[in-house]
Amino acid sequence: MLSLSKNAQIVLEKRYLQKNDQGVPIETPEEMFQRVAKTIASAEKNYKKSAREIKQLEKEFYRIMTALEFLPNSPTLMNAGRPLGQLSACFVLPIDDSMESIFETIKNTALIHQSGGGTGFSFSRLRPAGDMVKSTHGVSSGPISFMEVFNAATEAIKQGGTRRGANMGILRVDHPDIQKFITAKQDSTKLNNFNISVGITEKFMEAVKKNEEYELINPRTKLPVARLKAKDVFDQIVNLAWKNGEPGIVFLDRLNRDNPTPKLGEIESTNPCGEQPLLPYESCNLGSINLAKMLKVSKDTVSIDWNKLKSVVHLAVRFLDNVIDINRYPIPMIEQMTKGNRKIGLGVMGFADMLIQLSVPYNSDTALKLAEEIMSFIAKEAKKTSQELAKERGAFPNFKGSIYDKPGAKKLRNATTTTIAPTGSIGIIAGCSSGIEPLFAISYIRKTGLGNVDLTEVNPLFENIAKKRGFYSEALMQKIAELGSVQGIAEVPDDVKKIFVTAHDIAPEWHLKMQAAFQKYVDNAVSKTVNFPNSATPDDVAKVYWLAYELGCKGVTVYRHGSREEQVINIGKQNDSTSIRKHRVTPRPRPSISRGFTEKIKTGCGNLYVTVNEDEHGLCEVFTAMGKSGGCMASQSEATGRLISLALQAGVDPELIIKHLKGIRCPLPFWENGSVTLSCADAIGKAMQHYLERNHPVTVEPVKKETVQKTLVGICPQCPECGMLLEYQEGCIICRACGFSKCG
């Protein structure tokens, strides 16, 4: 019988189950799994299987899904057996250096996002900003400007209410616009539908190591146009990643070292979370095995059930290969490339849950050894199944000339078989930990929206052990929820603390070592976030980047706790009114004389005059005047200025105010000289930014550890849909309560 958590039921009803025109689900979770199992098993007709054999396989597919032992990627669960029929999660599209190619790709991106897929692009073929455009005798606006066009197109596409558009943007480190790319997301209102990563080369890393310069190459002419000091560029990447988690890095030469079909072209990009490198026009469908279900108990001893794992791997590989045949592809070129290479990506989830049940700390050599043992076993059995399918159905069409095409080598049905993908939503359905990530929180407080009634939710494995060992209490669970961790809590036994470590309890090096352990036996790549405490410095980030390079990872994504401005202050109960009153701030007095400038900005409501002034402590006030008009527009802009002035005088960081003002939209945006003012608030934010840039250039300064107050662990922003805790994991932001994801 299918057993689902409350969160799993919410996610399924909201995003996966078929609905009628009123948005009411018209199928149960069991019926959804039956729909998927029947549809995927029907591919066996292509290989002359009997009706009885197909029915039996349908039952097996249904069994492993309802037992929550294996789940395919979200588009398969959503769309199999339904009119849309698009079942793949990952796509990479090419962008050539022409207007026709750019806008053809935007069109194809729209079709993919509409069908529930995520897209990756390399913008490295586009000529740099300021370069010559022969056809118009003008100059190029460069890759960043076109990324903004892709971002706007993604914003406009609604994926049937089930998944959001998500993109990966990659630029080679030797592109002339690389420094503009590195800082492209320093303004948090920009490119918010993109993850971005710098395409790193071995040549660049060697130049960093030797403290040498390297060449920037114009992709149009293929000629060097400038030289930069590699260490300066590396430090810039590190500082921006330290500041807000982006850009990540992708080791391009390593992606191509493992490219199974090099004669078909170079791998230039990955899917949005970085775990699936693909050739242009390729797609890949993914699925994950729940390792928490691959255990057996004998005489109170828990161990890995290798026979069960083997059986599930064989069924999962057949399932994913069938998806390729059943799939309805957005455009013919994607179908051709996908069926030519037949790439699949079988991965895992529930790894942290497995370690807990085996009493193995995540941050231990034993855990690393287990990771290698498990993934090497899965990889070996997946390849065996692919070989068996090749005997039955034939090798993938592009096998000839592939890296497997060697004398005496066995043929394979699939060019790749393994990927460690994000499992945010399907992990919620399975009720297990995400991918290969550690637990994000042991306990947290769920806001019910019913007055002052809040519920404390506890990891079920921890709750069971706490009750069994006799240290469970509601008060303790609430205490853990408020702190976000069991470390340092006297009531929790030391041996329990060792195995119940969260992402923020673990040193960054252990995150990276675990990623590298899995990567050794994965064809494609590994989705994993390396978590840092808020007190980490850019040097700490640099060390992890070097460790990723030395350990053979294909890329790395980092997140320093509290480094994005949408992060809230705490995870536990809100401070009571007495505590809040104690921490109220009195704004400093306005000086009798202040200095500044006034900027005129055209808005959809008229000319807005913004005056920005400062005193000896920094920015202190903002005044606004709306041309000759009065009424609501003038009064609202005056009120905005007064509130900003009050915040500045109370010591609020001007950059934080700017970030909250910029990007606010009204119905009357105003375009001028290629830029847009979205609203009066947006105009005020821009004027403040212009003042800072003109008088106080903003730089990213390394912060010394001793000057940073360490914040509580487990702190994270609230979900915009349900208000629950968001998690920074697997290169993405997810909500385990409702399934919200910023990566699709």
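The values are calculated or read from the model by the stated rules, or taken from the named source; none is laboratory data. In this text the structure is predicted, and so the values were computed from the model without any measurement. Every residue, glycine as well, gets a Cβ built from its backbone with ideal geometry; the counts of neighbours run over all protein chains shown. In case anyone asks, the SASA skips ligands and DNA or RNA and just uses the protein heavy atoms, side chains included. Shrake-Rupley method; radii C 1.70, N 1.55, O 1.52, S 1.80 Å.
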Revision key, fill the gap. Taking the stretch 184-319, the equivalent ellipsoid from its C-alpha gyration tensor has semi-axes in Å, biggest first, of 40, 20, 16
Check your understanding: Once label points are set 7 Å from the Cα along Cα→Cβ at both A152 and V297, what is their separation, rounded to one decimal in nm?
Key -> 5.9 nm
Revision key, fill the gap. At R0 = 22 Å the Cβ-Cβ FRET efficiency linking K229 and E550, nearest 0.05, sits at 0.50
Practice item. Apply 1/(1 + (r/R0)^6) to the Cβ-Cβ distance of I489 and S364, taking R0 = 22 Å, and write down the FRET efficiency to the nearest 0.05. Key: 0.60
Point to revise | Candidate lysines - alpha carbon under 17 Å from K263, same-chain residues fewer than 8 apart omitted | key: K339, K343, K400, K406
Exercise for review: Report the Stokes-Einstein translational diffusion coefficient (µm² s⁻¹, integer) for the stretch 283-360, Rh taken as the Kirkwood radius over Cα pairs, at 10 °C with viscosity 1.306 mPa s.
Suggested key: 110 µm²/s
**Study point:** Using alpha-carbon coordinates, inclination of helix 306-326 to the longest axis of the chain, degrees
**Key:** 70 degrees
Point to revise | Semi-axis lengths, Å, the stretch 223-270, gyration tensor of Cα atoms, sqrt of 5 times eigenvalues | key: 27, 17, 8
Practice item. Starting from the Cα of K467, draw a straight line to each of the lysines and keep only those under 19 Å, dropping any in the same chain fewer than 8 residues away. Key: K479, K497, K498
Review point. Taking 0.36 nm per intervening residue step and subtracting the Cα-Cα distance, what contour gain separates K45 from E463 on full extension?
Key: 145.8 nm
**Study point:** Cα-Cα P(r), the stretch 1-134, percent of pairs per 10 Å interval
**Key:** 11, 30, 26, 17, 11, 5, 1
Review point. Per the helix-only calculation at 222 nm, which mean residue ellipticity applies to the chain, given -39500 (n - 2.57) for every DSSP H run of n ≥ 4 and division by its residues, nearest 500 deg cm²/dmol?
Key: -11500 deg cm²/dmol
Revision key, fill the gap. For K14, counting only lysines whose alpha-carbon sits under 21 Å away and dropping same-chain residues fewer than eight positions off, the answer is K6, K158, K447, K742
Review point. Using alpha carbons only, what's the Rg to Rh ratio of the chain with Rh from Kirkwood?
Key: 0.97
Revision key, fill the gap. Per-residue accessible area, 1.4 Å probe, largest first, puts R220, R560 in the order R220, R560
**Study point:** Vicinal HN-Hα couplings computed from phi for the stretch 333-346 (Karplus, 6.51 cos²θ - 1.76 cosθ + 1.60; Hz; Gly/Pro x)
**Key:** 5, 5, 4, 4, 5, 5, 6, x, 10, 6, 6, 10, x, 8
**Study point:** L216 long-range amide H proximity, modeled H, under 5 Å
**Key:** V225, A226, R227, L228
Point to revise | Peptides ranked, highest mean first, by Cβ atoms within 10 Å: ranges 599-612, 470-483 | key: 599-612, 470-483
Review point. Which peptide among 518-530, 319-331 comes first, and what is the full order, when sorted by highest mean count of other Cβ atoms within 10 Å?
Key: 518-530, 319-331
Point to revise | For E621, distant residues with modelled amide H under 5 Å away | key: N613
Practice item. Return the FRET efficiency for the residue pair K209, I403: r is the Cβ-Cβ distance, R0 is 30 Å, and the value is rounded to the nearest 0.05. Key: 0.55
Study note, to complete from the structure: the chain: antiparallel bridges as % of DSSP beta bridges, rounded to 5, reads 65 percent
Point to revise | Residue-span extension gain [I664 to E100] - 0.36 nm each, minus C-alpha spacing | key: 199.8 nm
Practice item. Find which of L111, V149, G424 sits farthest along the positive direction of the dipole of the chain, computed with +1 on the beta-carbon of Lys and Arg, -1 on that of Asp and Glu, about the Cα centre. Key: L111
Review point. Ordered by packing density, taken as the mean number of other Cβ atoms within 10 Å over each peptide's residues, highest first, how do 334-343, 488-497 rank?
Key: 334-343, 488-497
Practice item. Take every Cα-Cα distance within the stretch 259-394, group them into 10 Å bins from 0 onward, and report for each bin the whole-number percent of pairs it holds. Key: 10, 35, 31, 17, 6, 0
Check your understanding: Where does the stretch 329-419 land on Rg/Rh, using Cα atoms and the Kirkwood Rh?
Key -> 1.12
Point to revise | All-pairs alpha carbon distance profile, the stretch 65-171, 10 Å steps from 0, percent | key: 14, 39, 26, 14, 6, 1, 0
Point to revise | Values of log10 I(q)/I(0), in the order q = 0.25 Å⁻¹, for the stretch 74-123 under a Debye, Cα-only, solvent-free model | key: -0.86
Review point. Taking +1 at the Cβ of each Lys and Arg and -1 at the Cβ of each Asp and Glu, which of L661, A51, A409 sits farthest along the dipole of the chain towards its positive end, judged by Cα position relative to the Cα centre?
Key: A51
Exercise for review: Quick one: angle between helix 680-695 and the longest Cα principal axis of the chain, in degrees between 0 and 90, rounded to 10, please.
Suggested key: 80 degrees
Practice item. Only residues of the stretch 63-88 count here: report those whose backbone N is under 14 Å from the spot 7 Å along Cα→Cβ of E31, or say none. Key: 82
Revision key, fill the gap. The answer for I442, listing residues at least 5 apart or on another chain whose modeled amide H is closer than 5 Å to its amide H, is none
**Study point:** Contour excess over end-to-end distance, with Cα ends at E509 and A475 and 0.36 nm allotted per residue
**Key:** 8.9 nm
Point to revise | Rounded to whole Hz, the Karplus (6.51, -1.76, 1.60) HN-Hα couplings of the stretch 44-56, x for glycine and proline | key: 5, 4, 5, 10, 6, 7, 6, 4, 5, 5, 5, 5, 5
